[in-house]
Amino acid sequence: MAIIELRGIKRYYLVGEITIKAIRGVDLDVETGEFVAIMGPSGSGKSTLMNTLGCLDKPTAGSYTLDGLETSTATPDEFADIRNDRIGFVFQGFNLLSRTSALENVELPLFYDRSGSQLNPKKRAQAALEEVGLGDRLDHMPNQLSGGQQQRVAIARAMVKDPAFILADEPTGNLDTEMTLEIMTLFQQLNDRGKTVVMVTHEPEVASYTKRIIAMRDGTIVSDSPVLERRRAADDLAAWKRDHAQLAGEGGQS
């Protein structure tokens, strides 16, 4: 079942008297349980496509059906509800509130739930943090957490309302190699449990952990192919730790 269906999506911007054609008629399906990377150079349209997928921007033309709902005909309130309830966002810069604990950061999306269905937001947020391995960091402030741990909090926040899919924008862009591998391990684990993930990245190595790569150029999709030799981030992380432990041992003997 396709959780995302784009048909003839176009997005044009008027800059002065010049029309910028950021997306030029994109068709795209993403099935439930997929892990998709969207790649492309600057100006390719990948960021505009991400904004469309995230219901941050409406297309100039075409239709976007998300989890069975047609977004292009939604009212502003309905559009906001679709964005808040059905999409979990993960950003490069984490976007955590600096004076708020990990638990409170994850609780935040539940306070904006207008359905009244979230009866115990603290318990729900705690469960989300436990799922990303931070059950012992509930009361820590962002500045007490590593970059990788802050991104884990952001992922827990994205998951806390059980969205239709997670939309990640360069989620490892601010992380070193070890933390990148930790975050990609987590994304693969979530995907293995059935969560749909769409990730924008410019790093081919990061894309190699997904299941499908969509390449964009000049506002169009130029290739859409499965990852035939998919890497397991947990294996790469274990190898990285072994190599660095060995180097540290050699350094101590010299």
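Nothing in this text is a laboratory measurement; each read-out follows from the coordinates by a stated rule. Just so we're clear, the structure is a prediction, and the values are computed from it rather than from any experiment. When we count neighbours, we look across all protein chains shown, and the Cβ atoms used for this are built from the backbone with ideal geometry, even at glycine.
For the Cα trace of region 68-172, dividing Rg by the Kirkwood Rh returns an Rg/Rh value of 0.99.
Distances between placed amide hydrogens fall under 5 Å for residue 217 paired with 222, all partners being 5 or more residues away or on another chain. Packing here is the average count of other Cβ atoms within 10 Å per residue, and on that basis the peptides 125-132, 74-81, highest first, run 125-132, 74-81.
Show me the three semi-axes of the equivalent ellipsoid for region 130-200, from the C-alpha gyration tensor (sqrt of 5 times each eigenvalue), largest first, rounded to whole Å.
The three semi-axes for region 130-200 are 19, 15, 11 Å.
Enter the angle in degrees (range 0 to 90, nearest 10) between the Cα long axis of helix 147-159 and the first principal axis of the Cα atoms of the chain, meaning the one along which they spread out most. Taking the Cα atoms of the chain, the angle to 147-159 is about 50 degrees. Scalar couplings 3J(HN,Hα) for region 200-213, obtained by applying the Karplus form with A = 6.51, B = -1.76, C = 1.60 to θ = phi - 60°, are 8, 8, 9, 9, x, 5, 5, 4, 5, 8, 8, 9, 7, 10 Hz; x denotes Gly and Pro. In the chain, the DSSP-assigned H stretches of four residues or longer account for a calculated mean residue ellipticity at 222 nm of -11500 deg cm²/dmol, using -39500 (n - 2.57) per stretch and the full residue count as denominator.
Near residue 23, the amide H atoms lying under 5 Å from its own belong to 11; only residues 5 or more places off or on other chains count, and H is placed 1.01 Å from N. Using a/c under 1.5 as the rounded threshold, could you call region 1-98 rounded, prolate or oblate? The axes a ≥ b ≥ c are square roots of the C-alpha gyration tensor eigenvalues, and prolate needs a/b larger than b/c, oblate otherwise. It comes out rounded by the Cα gyration axes. Summarised as an ellipsoid, the chain has semi-axes of 32, 25, 16 Å, derived from the eigenvalues of the Cα gyration tensor scaled by 5 and square-rooted, with the largest first.
Report, for the chain, the % of DSSP beta bridges that are antiparallel, rounded to 5.
In the chain, DSSP labels about 60 percent of beta bridges as antiparallel.
Here the residues 17, 5, ranked from fewest to most Cβ neighbours within 10 Å of their Cβ, fall in the order 17, 5. Lysine pair count for the chain with Cα-Cα distance under 15 Å and sequence separation of 8 or more or different chains is 10. Summing Lys and Arg as +1 and Asp and Glu as -1 over all other residues whose Cβ lies under 14 Å from the Cβ of residue 240 gives a net charge of -3.
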